[in-house]
Each structure stands twice: as C-alpha cells, then as structure tokens.
Amino acid sequence: MARKLAAGNWKMNGTNASLAEITALAKAHPDPNCDVLICPPATLLSRLAEKTTGTAIKTGGQDCHAASSGAHTGDISAEMIADAGGSHIIVGHSERRADHGETDADIAAKTRAVWNAGLVAVICVGETLAEREAGQTIDIVAGQLAGSVPNGANGDNTVIAYEPVWAIGTGKVPTLDEIAAVHADIRDRLTTRFGDAGNDMPILYGGSVKPSNADDIFRVADVDGALVGGASLKAEDFGGIIAALERA
Ligand code: PEP
C-alpha cells in the first residue's frame with residue numbers, strides 16, 4: 001500500500017515572513033495520519049527544516065542538479081538539500097521541463113542523484129492541453145514515466161505526481177473520471193515494470209487542488225495525495241487539503 005502524502009510546492013514564492021505559515025500549519029496538524037511535505041525556495045530550505053524539527057512536516061527541494069558538486073553556477077545538488085534538512089526533491093516539474101528544457105533523460109539523472117543522496121524523488125509527469133485535446137494523454141504520460149523513472153524505483157525512494165500542465169495554476173481540473181483513468185494507467189505501468197514495489201509508490205494528483213475539491217479528488221482510486229502549488233502557501237488552505245487527505 002502506498003503512503004498518503006500532501007506535498008506543497010512554494011515555487012518562487014516565500015520569504016522569512018512566510019515561515020509563520022509553517023508554524024500555524026504545524027500547530028493545526030500536530031499528528032496527521034498522512035505525510036506532509038513543504039518544498040520552499042532553496043533560500044528558505046534550512047530555516048524551514050529547523051522550524052519543522054519535531055513536527056510532522058517534512059521539507060524538500062524543488063529541483064536539483066544531477067551532479068553532487070562542481071562548477072555549476074546557480075545550481076544546487078541533492079546532497080546540499082539533504083545537508084539543509086530536506087527529505088524529498090521534486091524533479092521534472094512541468095515548469096522545469098518548459099522553462100529549462102529538461103528532458104526525460106535529465107530527470108532520470110536527477111532522480112538517481114536524489115536517491116544517491118538518500119532522499120525521495122517526487123517525479124512529475126503530465127500532458128499539455130494540446131496533447132490532451134489530441135487524445136495523447138496516456139501515451140505522453142507513459143513516455144514520461146518510461147523515460148524519467150529509473151530502474152530501482154520503489155515505494156521508499158519514489159513518489160509519482162501526475163500534473164496535467166493545463167491544470168497547474170489555472171483553476172481548471174480534469175473530471176474525476178479523467179483523473180481516475182490516468183492514475184489507473186500509471187499504477188498499471190508501475191506494477192508491470194516494478195512488480196509489488198509499483199503498488200507502494202504514492203501517485204499524487206496535482207493541478208489546482210483546493211480545500212473545496214480535495215475530498216472528491218482524494219476519493220478517486222489510486223490517488224494517494226496531492227502536489228499543491230498556490231494553495232500550499234497559506235496554512236489555512238493547505239491545512240484544509242491535509243484534513244481532506246486524512247479523511248480519505
Ligand atoms: C504545481 O505547481 O505543482 C501545482 C499543482 O500548482 P497549483 O496547485 O497552483 O495548480
């Protein structure tokens with residue numbers, strides 16, 4: 001059985017003042033029955049990790065370099081994120097794929113770097129609107145999974161996040177049947193390739209998850225939680241999503 005996870009991606013948002021949201025979140029959810037992860041900008045990683053010590057909230061990075069150190073100005077490695085107190089790293093977010101031209105091979109290399117640092121990779125996949133409208137969703141996601149998830153993935157080192165690109169930050173959400181179809185196909189491909197370990201990898205849905213739609217989304221089979229952007233910035237909103245996942 002995959003563990004349930006509510007993961008927040010703050011993207012390029014947040015300053016020291018934002019840490020107050022974490023204090024409020026930890027107070028409101030001292031002992032959740034699911035995992036809770038916040039991935040702040042790198043500037044806040046170690047302070048957030050300090051703040052969440054002794055709470056149920058884990059801290060993660062939003063990206064890493066595939067190398068563990070070296071002449072890569074502006075980049076950070078998985079080891080550095082581990083050193084700052086991180087437990088997870090998001091790789092292959094569609095904004096990285098689009099803004100930085102990251103390929104499936106890049107994401108597989110980053111995933112191996114995450115594992116080498118002893119951390120959990122949250123590997124993102126998802127189709128664009130044009131791909132969905134062309135009826136290519138399943139093929140696109142299958143191709144990204146095959147190319148981005150290295151051999152050796154299991155429930156301890158890997159989380160998959162299905163995030164339709166057109167649903168991220170737009171307020172648009174696929175129907176529950178559409179989410180169910182993609183999650184079932186992902187689960188099927190994971191178990192075909194990884195055997196029982198494929199059942200242990202959480203599959204998150206991401207794209208405009210809010211407290212108001214979380215209960216419905218979390219009732220969909222093979223949805224083990226959410227990767228949340230905008231609604232993870234406020235303790236009240238993210239807390240509502242955590243509460244929905246606890247009820248699921
Ligand atoms: C995301 O960035 O991964 C995301 C799902 O964003 P939002 O929740 O804002 O759609």
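Here, each number is a calculation from the coordinates, and none is a lab measurement. Treat the numbers as computed from the prediction; the structure is a model and nothing was measured. For neighbour counting, all protein chains shown are included, and Cβ atoms are generated from backbone atoms with ideal geometry for every residue, glycine included.
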GNM result for the chain, Cα springs below 10 Å: residue of S77, S87, S18 fluctuating most strongly
S18
Net length gained if the chain between R219 and D31 were fully extended (0.36 nm per residue, minus Cα distance):
65.5 nm
Entries in K4/K234; K110/K172; K11/K58; K11/K172; K27/K172; K11/K110 that, when Cα-Cα distance is taken, lie over 26 Å:
K110/K172; K27/K172
Percentage of Cα-Cα pair distances in the stretch 95-239 greater than 24 Å, rounded to whole percent?
29 percent
To the nearest 0.05, what FRET efficiency results for T175 and A71 with a Förster distance of 41 Å applied to their C-beta separation?
0.30
Based only on Cα atoms, what Rg/Rh ratio does the chain have, Rh being taken as Kirkwood's radius?
0.93
Once every DSSP H run of n ≥ 4 in the chain is given -39500 (n - 2.57) and the sum is divided by its residues, what mean residue ellipticity at 222 nm do you get, rounded to the nearest 500 deg cm²/dmol?
-12000 deg cm²/dmol
Could you order the peptides 107-113, 193-199 from most to least packed, using the average number of other C-beta atoms within 10 Å per residue?
107-113, 193-199
For each of T43, T128, count neighbouring Cβ atoms within 10 Å of the residue's Cβ, then give the residues from fewest to most.
T43, T128
In the chain, which helices (entire DSSP H runs) extend 15 Å or more along their own long axis, judged by Cα positions, while averaging at least 0.0 on the Kyte-Doolittle scale?
137-148, 235-247
